[in-house]
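Report on the following structure.
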Amino acid sequence: MSAISLYARPSPDFAQKLAHSLALLKTAAAKYSPLTQASSLGAEDMVITHLMHEAGLFDKPGVSIFVLDTGMLHAETVALVKRIEERYPVTVDVYHPDADATSAFVEENGPQAMYKSLALRKQCCHIRKMAPLDRALAGKKGWLTGLRREQSAARAEVHDIEQQPERTKVNPLVEWTQGDIWHCISANALPYNPMHDQFFPSIGCAPCTRAVTLGEDFRSGRWWWENESAKECGLHVAADGTHEAQEPAAFEPLSSIIPIREIPA
C-alpha cells in the first residue's frame, strides 16, 4: 500500500493553507534574497520545491536549492536529486562533508560510532551535516525548511518565520498535516522517496533511520535509540541549545533496543 493511499487526506482548510504557503514563499523571495531551500529530499521538501515552482521563484535571481549528501544516505534518497532537476528549471547544489574529517572520525571511532554515545552521534552529525550546512548557507539571507508542528513534540512551537542571528528561517508548511502533504503529492504527481511507502515517514542517514509502526510519531524512526528530547541533528536546534538534553537522560545503549525492522543496505 502506498503512502498516498494511506495518508492523502487534506484538511478542510487545505486551500487556505496552500494559499498562505505560496504567499509566504513569494514574500521570502522578495525580502530574504539570496534565498535557498535546505532540502532533505523528504516528502515535505518535495512539496516545497514544487510550491517554489508554482510561486515562480525559479524565475527570480538569488533563489536556489541545496542538499546535504552525508555519504550515508539511501540510494533512493540520492536519486531524487536527478528527478528534481528533470522536472524543474533548477540545478540542485549538493554539499558533501570533508573527506579527511569523515575518514578520521570513522578510523578513530568505528563505522557504528553513532550507536556508542550521544556525543559521538552528534559529532558524526556535525561532520556530515552541520559543517556542510555552514558552507551551504554562507552568504544567504534566508532559508526554507520543511518543518511542521505536527512532526514531533520538539517542533510543536515552530513558527513560519524565525529570525536567526545571521539569516531568516522560513517554514512554509508549519500548519500542514501529513494528510495535506500527501494530498499535494498526489494531486500534482510529485516524485517522492519510495521508502515512504515502506513506513519511513522521516528519512535520514541509513544507519540512523528505521521504519515506524502505528501510533509512533513521524520522527520516531530517527535515532530510535535516543529519547525524544535528543532527536535532532542540530540543523533545527536553537543556538542556546533548546531541545538539547544531557546524555544520561537521552541515550540508551543500542544493544538494549530491538529495532522494528532492519535498515536496508
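The values are calculated or read from the model by the stated rules, or taken from the named source; none is laboratory data. Being a predicted model, the structure only gives us computed values, none of them experimental. FYI the Cβ positions are ideal-geometry reconstructions off the backbone, even for glycines, and counts take in every protein chain you see.
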Original post:
What's the number of the condition Gly62 fails, among (1) surrounded by fewer than 16 Cβ atoms within 10 Å (Cβ to Cβ); (2) under 21 Å from the mean Cα position of the chain (by Cα)?
Top reply: (2)
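Residues are listed down the side, and each one gets a yes or a no for (1) within 29 Å of Trp176 (Cα to Cα); (2) of a type outside the set (Phe, Trp, Tyr); (3) free of Cβ contacts under 8 Å to residues at least 40 places away in the same chain; (4) touching a strand residue (DSSP E or B) at 6+ places or on another chain (Cβ under 8 Å):
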position: Ser103; (1), (2), (3), (4): no, yes, yes, no
position: Gln112; (1), (2), (3), (4): no, yes, no, no
position: Gln123; (1), (2), (3), (4): no, yes, yes, no
position: Leu137; (1), (2), (3), (4): yes, yes, no, yes
position: Glu162; (1), (2), (3), (4): yes, yes, yes, yes
Subject >> the stretch 162-203 - residue that is among the acidic types (Asp, Glu) and not in a strand (DSSP E or B) and, of those, surrounded by the fewest Cβ atoms within 10 Å (Cβ to Cβ) >> reply: Glu166
Original post:
What do you reckon, is Leu41 part of a helix (DSSP H, G or I), among the hydrophobic types (A, V, I, L, M, F, W, C) and under 17 Å from Thr145 (Cα atoms)?
Top reply: no
**OP:** Would you be able to say whether some residue in the stretch 45-59 is of a type in the set (Phe, Trp, Tyr), under 16 Å from Leu173 (Cβ atoms) and surrounded by fewer than 19 Cβ atoms within 10 Å (Cβ to Cβ)?
**Re:** no
Original post:
Is there a residue being buried (at least 18 other Cβ atoms within 10 Å of the Cβ) and more than 30 Å from His20 (Cβ to Cβ) anywhere in the stretch 149-161?
Top reply: no
Subject >> Residue that is surrounded by the fewest Cβ atoms within 10 Å (Cβ to Cβ), among those in the stretch 204-235 that are among the acidic types (Asp, Glu), over 13 Å from Tyr115 (Cα atoms) and at pLDDT 70 or above >> reply: Glu216
**OP:** For the stretch 129-143, state whether one or more residues are in a loop (DSSP other than H, G, I, E, B), of a type in the set (Gly, Ala, Ser) and crowded, with 17+ Cβ neighbours inside 10 Å.
**Re:** no
Subject >> Of all residues making up the stretch 5-38, the number that are aromatic (Phe, Trp, Tyr) and not in a loop (DSSP other than H, G, I, E, B) >> reply: 2
Original post:
What residue, of Ser33, Ser21, Ser11, Ser39, is out of contact with any Phe, Trp or Tyr (no Cβ under 9 Å at 6 or more places or on another chain) and among the polar types (S, T, N, Q)?
Top reply: Ser33
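Let's see how each residue does on (1) over 30 Å from Ala189 (Cα atoms); (2) of a type outside the set (A, V, I, L, M, F, W, C):
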{"residue": "Thr91", "(1), (2)": "no, yes"}
{"residue": "His96", "(1), (2)": "no, yes"}
{"residue": "Ser103", "(1), (2)": "yes, yes"}
{"residue": "Tyr115", "(1), (2)": "yes, yes"}
{"residue": "Ile127", "(1), (2)": "yes, no"}
Subject >> Complete set of residues in the stretch 110-128 that are buried (at least 19 other Cβ atoms within 10 Å of the Cβ) and touching a Leu at 6+ places or on another chain (Cβ under 9 Å) >> reply: Met114, Cys125, Arg128
Original post:
Of the residues Glu86, Glu107, Glu76, which is among the charged types (D, E, K, R) and crowded, with 17+ Cβ neighbours inside 10 Å?
Top reply: Glu76
Subject >> Among (1) in contact with a helix residue (DSSP H, G or I) (Cβ under 8 Å, 6 or more places away or on another chain); (2) surrounded by fewer than 17 Cβ atoms within 10 Å (Cβ to Cβ) - the single one Ala3 does not satisfy >> reply: (2)
Original post:
Residues Leu120, Leu41, Leu57, Leu51: which one is within 14 Å of the chain's Cα centre (by Cα) and either at pLDDT below 95 or not β-branched (Val, Ile, Thr) (or both)?
Top reply: Leu41
Original post:
Among (1) within 21 Å of Ile127 (Cβ to Cβ); (2) in contact with a Ser or Thr (Cβ under 8 Å, 6 or more places away or on another chain); (3) of a type in the set (Gly, Ala, Ser); (4) surrounded by fewer than 17 Cβ atoms within 10 Å (Cβ to Cβ), which single condition is Ala99 missing?
Top reply: (2)
